[in-house]
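Undergrad: Dropping a structure here in structure tokens format, bear with me for questions.
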Amino acid sequence: MQRILLLIFTLSLFHISLFSQEYRTFDGSGNNLQDIDWGATHTQLRRATTIGYLDGIATPGGVNRPNPRTISNALFAQDSLISTPMNLSDFVWVFGQFIDHDLSLTPDSPESALINVPAGDPWFDPFGQGTAMIFMNRSKVMDGTGTTINNPREHPNEITGWLDASNVYGSDITRANWLRTFDAGKMKLSTAGLLPFNTFTGNYADPVDPNAPGMDDAVGLSNYHFVAGDVRANENPSLAAFHTLFVREHNRLCDTLLIQNPSWTDEQLYQHARKI
């Protein structure tokens, strides 16, 4: 019996080594040999709760609930610093956001979902006109869903669902390649050691590269953006700092790997640093 179990174990290891990936795909496919699309980009998010649509299909619920802006104002009413009960620093919540951006992204659809602002809102309606609106769009719909009560609206994940640093390297080969220097395995940084800007040189105020991967920009005050593996990297300075640290760490690993393996190619250095 022990010999049989040993044989099965050996064959299992052989099977895994024969068919497993040497390096993870950028789109997250192929991590599960029985279902190669598990966790891949553009696949449907799994719903963990009951349906909350008013009609059970797609119409937003909450018609009898308080106005969203009223709820927001009540939850975030704060005129002084409030420490967390565990005395945690901002490092903790920023790292949480960084990890979240490695796992899921559902972009907006063209479908509007404007929010009425209560009259007299101190920020959006200081003169009490009662006409202010917060512009918002509903989330992108998974194709083929939202047709009947047995097929309610669902949503896609546009990035990989794995904890695979897709927020650093990208979830598609085009973004991944743009972020690379193709020299010694390293990724692009600006000359100041920051994330590369969306320019031909990667530096601020130089000509914008029209082929640079798109980045989210809800405000639209500048033509220049940091480019990273995830489109949301510019949401706040702390998040951008985390992205910068991880790219710098990748490049540091490349230096170490090159010393240990002086014959390795750019591709080997890049992929192995990414794997680490």
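The values are calculated or read from the model by the stated rules, or taken from the named source; none is laboratory data. These numbers were taken from a predicted model, which means no experiment stands behind them. Note that we place each Cβ from the backbone using ideal geometry, even for glycine, and neighbour counts take in every protein chain shown. Keep in mind that these areas ignore ligands, DNA and RNA; they rest on the heavy atoms of the full protein, side chains included. Shrake-Rupley method; radii C 1.70, N 1.55, O 1.52, S 1.80 Å.
Undergrad: Across the stretch 258-266, in residue order, what do the Karplus-derived ³J(HN,Hα) couplings come to in whole Hz, using 6.51 cos²θ - 1.76 cosθ + 1.60 with θ = phi - 60° and x for Gly and Pro?
TA: Listing the rounded values in order: 5, 5, 6, 9, x, 8, 5, 7, 4 Hz.
Undergrad: Using the Karplus curve 6.51 cos²θ - 1.76 cosθ + 1.60 with θ = phi - 60°, work out ³J(HN,Hα) for each residue of the stretch 146-157 in order, rounded to whole Hz, and write x for Gly and Pro.
TA: Going residue by residue, I get x, 9, 9, 5, 8, 9, x, 4, 10, 9, x, 9 Hz, with x marking Gly and Pro.
Undergrad: Each residue of the stretch 31-38 in order: what ³J(HN,Hα) in whole Hz does its phi give by Karplus 6.51 cos²θ - 1.76 cosθ + 1.60, θ = phi - 60°, with x for Gly and Pro?
TA: With coefficients 6.51, -1.76 and 1.60, one gets 6, 10, 6, 7, 9, 5, 8, 4 Hz.
Undergrad: Something else: For residue 137, what residues show an amide H to amide H distance below 5 Å, using hydrogens built from the backbone and excluding near sequence neighbours?
TA: 113
Undergrad: Between 75, 257, 179, which gets the highest mean-square fluctuation from a Gaussian network model of the chain, Cα cutoff 10 Å?
TA: For the chain, modelled as a Gaussian network with Cα springs under 10 Å, the answer is 75.
Undergrad: Go through 273, 199, 259 and say which Cα lies farthest out towards the positive end of the charge dipole of the stretch 150-276; charges sit on Cβ, +1 for Lys and Arg, -1 for Asp and Glu.
TA: Result: 259, furthest along the dipole toward the positive end.
Undergrad: Cβ neighbours within 10 Å, averaged per peptide: list 88-94, 184-190, 112-118 in order, most packed at the top.
TA: Result, highest mean first: 184-190, 112-118, 88-94.
Undergrad: Here's another thing I want to ask about it. Enumerate the amide H contacts of residue 124 below 5 Å, restricted to partners 5 or more residues apart or on another chain; note that Pro and chain-start residues carry no placed amide H.
TA: Result for residue 124 returns nothing.
Undergrad: Related question: Treating only the Cβ atoms of Lys and Arg (+1) and Asp and Glu (-1) as charged, compute the dipole magnitude of the stretch 166-276 about its Cα centre; round to the nearest 20 debye.
TA: In total the dipole reaches around 280 debye.
Undergrad: Among 212, 181, 246, flag the residue with its Cα farthest along the positive direction of the charge dipole of the stretch 123-276, charges on Cβ as +1 for Lys/Arg and -1 for Asp/Glu.
TA: Of the options given, the answer is 246.
Undergrad: In addition: For P(r) over Cα pairs in 5 Å bins from 0, in percent, which listed value, [x] 1, 5, 8, 11, 13, 14, 13, 11, 9, 6, 4, 2, 1, 1, 0, 0, 0; [y] 1, 5, 8, 11, 9, 7, 5, 5, 6, 7, 7, 7, 5, 4, 2, 2, 1, 1, 1, 1, 1, 1, 1, 1, 1, 0, 0, 0; [z] 1, 5, 12, 16, 19, 18, 14, 9, 5, 2, 1, 0, comes from the coordinates shown?
TA: Identified label for the calculated read-out: [x].
Undergrad: Same structure, new question: Roughly what would the spin-label model give for residue 261 and residue 158, points 7 Å off Cα along C-beta, in nm?
TA: Spacing of the two 7 Å Cα→Cβ label points: 3.4 nm.
Undergrad: 222 nm [θ] for the chain, helices only, -39500 (n - 2.57) per DSSP H run of 4+, per residue, to 500?
TA: About -9500 deg cm²/dmol.
Undergrad: Right, next: Once amide H atoms are placed 1.01 Å from N in the peptide plane, what residues at a sequence separation of 5 or more from residue 43, or on another chain, have their amide H within under 5 Å of its amide H?
TA: 157
Undergrad: With every protein chain present, what is the per residue accessible area of the chain (1.4 Å probe, Å²)?
TA: The answer is 65 Å² per residue.
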